[in-house]
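Input: a single structure, listed below in structure tokens.
The values are calculated or read from the model by the stated rules, or taken from the named source; none is laboratory data. None of these values were measured; they are calculated from a predicted model. For neighbour counting, all protein chains shown are included, and Cβ atoms are generated from backbone atoms with ideal geometry for every residue, glycine included. Just the protein is used for accessible areas: all its heavy atoms, side chains included, with ligands, DNA and RNA removed. Shrake-Rupley method; radii C 1.70, N 1.55, O 1.52, S 1.80 Å.
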Amino acid sequence: MLAQIHSAAVQGIDAYSIEVEVDCGFGQMNIVVVGLPDAAVKESRDRVTTAVANSGFRFMVGRTTINLAPADVRKEGPSFDLPIALGLLAASEQIEPVEGLLERLMIVGELALTGAVRPVKGILSIALQARAAGMAGLLVPAENAMEAAVVEGLNVIPIRNLREAALFLEGEAGIDPVRVDMASLFRINPDDDLDLADVKGQDSVKRALEVAAAGGHNLLLIGPPGTGKSMLARRLATLLPPLSLEEALETTRIHSVCGLLRPGQGLVCERPFRAPHHTASDAGLLGGNVQPTPGEISLAHHGVLFLDELPEFKRGVLETLRQPLEEGRVTISRAAGSMTFPAQFMLIAAMNPTPDGKMPAESRSSPREIERYLGRISGPLLDRIDLHVEVPAVKFAEMSRARPGEPSASVRKRVIAARELQLRRFTGRPVRCNARMGSRELRQFVSLDEPTAALLRTAMTDLNLSARAYDRILKVSRTLADLAGREPVVAEDVMEAIQYRSLDRQLWG
């Protein structure tokens, strides 16, 4: 007898439908899996047959053929265990599913030898594909149910073991679909351990953090050790506006296919903060493997990528950041194919000004050593960082000051107000913040009067800034005007934006 089960697989961060066909016939005992299965899928034969026997069903006899269609797409992972097992039971007439039920359901899940159903990766993408394919329901491992249930218009049925799934298909076990209160998922208590008020002094750097958060700008912090660069960078996430539902879904899909969601976690509702070590490879940062998977820059999508000790990263690794910073996505090409992953992140980098950590005037390093150290960061990469800020040593009077600084919550209100202005301004455009403006948006939304334009021309000539730096100055100026709550960009905004571009010429010029 032939049984057909709807399932799905994940390629990159997208899912596609898979038809699991199981035919039980006569002949010598043999189970054959066809349809370009990988090693994990081939091993499902042994997992499934053992799980079927341990769940109280009879052992398979005769020749059984399992086809995973379409046959020209490689199938990976253990997520086909549950649909294959249910297909075997239906084809061997050990269960009689309710008429028409299998046609309306998509099924995924890994099986333990005991028959228990284990969670799998990429459930959110699979749930979105199930809805797009017109399925009424989705049978998933119980630990994945919350994640799948964030997709509206889909009945998500949590399954704990093979016996429970079989009874559900026969109509003998009533399992209520999982429902998720989306509003409660977004009620996040801020992390009290990270607050901008904890940082003593550094008012100019805090101002730069506010500007970066308000416009989604990249930021470079330059200063000797012990000045609080890492401490400041880690508090940037507390200034960012909350994720929208669309952003949360995009972020969750990436974390789901990488298996980074906690058990029972339905949605990533906080902006990610990723801080890879400086020994990270280009594959670890961009993504890779035989079958391309997301890397750190994609895991930081809609959040922050923090690179501490920037010159310690291999220059080749840093150069791979140039295209993602410009385009907001990364394309990985391997023998198995090409994958494009989203990578719209804020880059926050920190570094010492010299090899021994001191400012150039105080350093014992030779000019040649300093030049070699700074030369690990190329000019084109530096041009893609909007704000360059010096982090000076904190004076004793500031460290001993009892009065705390402004808390993150207060700064965040101003950041959210500025971001809301930008969202209204860019309505109908694929732009969410000023840092993502293209040439067309710059011409339309950043206009300078003649005195202000003359000021900018002079700065471009004196500081020998590039054309890309010119665009960055305009974008930061737009953000400064938004923080001040005014529409026109004035000379004061441009002057402050130019100030954030001067350090690269002092150190690299």
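Numerical summary
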read-out: Share, in percent, of DSSP beta bridges within the chain that are antiparallel, nearest 5; value: 50 percent
read-out: Nearest-20 debye value, the range 294-418 charge dipole, Cβ charges on Lys, Arg, Asp, Glu; value: 220 debye
read-out: Binned Cα-Cα distances of the range 1-58, short to long, each 5 Å bin given as a whole percent; value: 4, 13, 19, 29, 20, 10, 4, 2, 0
read-out: Relative packing of 262-275, 468-481, 360-373, which averages over residues the other C-beta atoms within 10 Å, highest first; value: 468-481, 262-275, 360-373
read-out: Stretch gain in nm, segment A275-E362, where the contour uses 0.36 nm per residue and the Cα spacing is subtracted; value: 28.4 nm
read-out: Three-way shape label, the range 293-424, alpha-carbon gyration tensor, a/c 1.5; value: oblate
read-out: Accessible carbon and sulfur surface of the chain relative to its total accessible area, %, 1.4 Å; value: 50 percent
read-out: As computed over the range 351-436, the Cα convex hull volume per residue (Å³); value: 135 Å³
read-out: Three-way shape call for the chain based on the alpha-carbon gyration tensor, with the a/c threshold at 1.5; value: prolate
read-out: Given charges at Cβ of Lys, Arg, Asp, Glu: the chain dipole, positive-most of S477, A51, L36; value: S477
read-out: Rounded accessible area per residue of the range 357-484, 1.4 Å, Å²; value: 54 Å²
read-out: Lys, Arg +1 and Asp, Glu -1 on Cβ, resulting dipole of the chain about Cα centre, debye, nearest 20; value: 1220 debye
read-out: Karplus (6.51, -1.76, 1.60) ³J(HN,Hα), θ = phi - 60°, over the range 16-26, in Hz, Gly and Pro reported as x; value: 9, 6, 10, 9, 9, 10, 10, 10, 9, x, 9
read-out: Theoretical FRET efficiency, 1/(1+(r/R0)^6), r = Cβ-Cβ of R322 and L36, R0 41 Å, to 0.05; value: 0.70
read-out: Segment S204-S230, length gained on full extension (0.36 nm per residue, minus Cα span); value: 7.8 nm
read-out: Kirkwood-based shape ratio for the range 1-102, expressed as Rg/Rh from alpha carbons; value: 0.95
read-out: Under-5 Å amide H pairs with I31, H placed in peptide plane, nonlocal only; value: T64
read-out: Positive-end extreme of charge dipole, the chain - chosen from P263, L138, S447 (charges on Cβ); value: S447
read-out: Check: the range 28-167 dipole with +1 on Lys, Arg Cβ and -1 on Asp, Glu Cβ, in debye; value: 240 debye
read-out: Heavy-atom surface of the range 193-308, accessible at 1.4 Å and reported per residue (Å²); value: 32 Å²
read-out: Volume of the Cα convex hull of the range 373-496, divided per residue and given in Å³; value: 162 Å³
read-out: Projected label distance in nm at L455 and F59, using a 7 Å step from Cα toward the beta-carbon; value: 8.5 nm
read-out: Calculated FRET value between A467 and K395, using beta carbons and R₀ = 41 Å, to 0.05; value: 0.60
read-out: Members of K229/K314; K358/K395; K206/K395; K314/K395; K358/K475 lying beyond 24 Å, as alpha-carbon distances in this model show; value: K314/K395; K358/K475
read-out: The range 145-266: C-alpha gyration tensor shape, a/c 1.5 cut-off, then a/b vs b/c; value: prolate
read-out: Per-residue ³J(HN,Hα) for the range 166-176, Karplus 6.51 cos²θ - 1.76 cosθ + 1.60, θ = phi - 60°, Hz, x for Gly and Pro; value: 5, 5, 5, 5, 7, x, 9, 10, x, 10, 6
read-out: Computed E for E246/R179 - FRET, C-beta separation, R0 22 angstrom, nearest 0.05; value: 0.60
